[in-house]
């Protein structure tokens, strides 16, 4: 992977972590995201929530985060 | 991510433990989720179909489990189910789970992780975290462990002294036939160290599939013999199911079985335990017919003495 792409991915992960910290402890935000009617709507909601908090996050970065979480689940933790 | 405060963990369930370095616990938001599937991992996989629950995980140190156990202790375990695998143990857990007052946590990877770490406190905390009632009226917690957890029986007894434990087993010929057609995790060489299966180091390299599977099962049976001799296990043969769930397991675990529960039990026993959409079909005869001479020979070498000892111990008890 090119250096620029790696850097971009790390920044996206960091932005997602920042948003995650805000969301997991906020019942209102959790409820808002839980009722998203589709995956596309969910991704759009996440991007909007991030922007409202000054966090730079794109739909592609959210989709990458979902894919990474799925891969992580498949890998058996010990 | 930073360490989450335990007070904020209400509605979250530990789903994995990462053990390289100080353990990290990953949590999934499970508020409102019923644990209805035959296995814990299936429930979590269903949860993670929801993009919110998949993306917005949290991680903590292992100590968060301790604080949660103080802030919001889960149900005390009423009993533990140990087993040989492919032997009716899921039928036992499904019948118990069909009662509204019973929460069953079945073969949860986070419990396996803390058993492997051999930390008695971690085990208490993890069972407490997983034993959070999932609906009102749930008052009894039953924990079904992985087959190889029998080697951690002393740790379970130390963590939960006095809590009854059962060991479910079956004619090993039928169990080996089942594993030959679809291997269980513990019967694939290399997934669990020989030491973790009570086997000598390097043993798997020289054995045929029949011998390796039979050796693992024989080792599990030997550990169960030791547990039963020490008075730590109540033995249940597949042949005694499903009646033994009402007659033996429920009273042992302090679960009352009235007329309504009998109806629920009968309904649960009529279904395939691992796929409740299918009816139960007896398969002992079929498995015996499919057993090759090589399979029977491997069972004779590795399992039969321990199996016969289990049967002797079971039959000698009232």
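Just so you know, all these numbers are worked out from the coordinates, no wet-lab data involved. Please read these numbers as outputs of a predicted model, since none were measured by experiment. With ideal geometry, Cβ positions are generated from the backbone for all residues, glycine too; neighbour counts draw on all protein chains shown.
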(message) What are the equivalent ellipsoid semi-axes of region A:3-74, built from the alpha-carbon gyration tensor (square roots of five times its eigenvalues), in whole angstrom, biggest first?
(response) 20, 14, 12
(request) Just grab the label-to-label distance for residue B:256 and residue A:22, each label 7 Å out from Cα along the Cβ direction, in nm (one decimal). (result) 5.2 nm
(request) Could you rank the peptides B:143-154, B:252-263, B:173-184, B:10-21 by their average count of other C-beta atoms within 10 Å per residue, with the highest value first? (result) B:143-154, B:173-184, B:10-21, B:252-263
(request) Using the 2.2 N^0.38 Å rule of thumb for compact globular proteins, work out how the protein assembly as shown stacks up: its C-alpha Rg over that value, please. (result) 1.07
(message) Using only Cα atoms and rounding to the nearest 10 degrees, what angle (0 to 90) does helix B:120-130 make with the longest principal axis of chain B?
(response) 70 degrees
(message) Using 0.36 nm times the number of residues separating residue B:41 and residue B:70, minus their current alpha carbon distance, what extension gain do you get?
(response) 7.9 nm
(request) Treat each spin label as a single point 7 Å out from the Cα along the C-beta direction, and report the residue A:10 to residue A:74 distance in nm. (result) 2.6 nm
(message) Using the alpha carbons of region B:1-132, what is the convex hull volume per residue in cubic angstrom, as a whole number?
(response) 117 Å³
(request) Write down the radius of gyration of region B:150-228 and its Dmax, each obtained from C-alpha positions, in Å. (result) 13.5, 41
(request) Figure the gain on full extension for residue B:317 and residue B:119 (residue separation times 0.36 nm, minus the Cα-Cα span) and round it to one decimal in nm. (result) 68.0 nm
(message) How would B:271, B:287 line up from fewest to most surrounding beta-carbon atoms within 10 angstrom?
(response) B:271, B:287
(message) Ignoring everything except DSSP H segments at least 4 long, calculate the 222 nm mean residue ellipticity for chain A; use -39,500 (n - 2.57) per segment, divide by total residues, nearest 500.
(response) -25000 deg cm²/dmol
(request) Return a whole-number percent for the relative contact order of chain B, with Cα pairs under 8 Å and 6 or more residues apart as the contact set. (result) 20 percent
(request) Over region B:204-285, calculate the relative contact order: mean separation of alpha carbon pairs under 8 Å at least 6 apart, over the residue count, as a percent. (result) 11 percent
(message) Let me check against my output: what whole-number percent is the relative contact order of region A:3-74, with C-alpha pairs under 8 Å and at least 6 apart?
(response) 35 percent
(message) Could you work out the percent of alpha carbon pairs in chain B separated by over 26 Å, rounded to a whole number?
(response) 47 percent
(request) Would you please state which residues of region B:13-54 a label at residue B:280 would reach in this model, taking the label point 7 Å out along Cα→Cβ and a backbone N cut-off of under 16 Å? (result) B:38
(request) Within 10 Å of each Cβ in peptide B:54-61, how many partner chain Cβ atoms are there on average? Round it to a whole number, please. (result) 6
(message) How many angstrom lie between the Cα centre of region A:28-60 and the Cα centre of region B:64-112?
(response) 35 Å
(request) Give the distance, in whole Å, between the Cα centre of region B:172-188 and the Cα centre of region B:217-258. (result) 21 Å
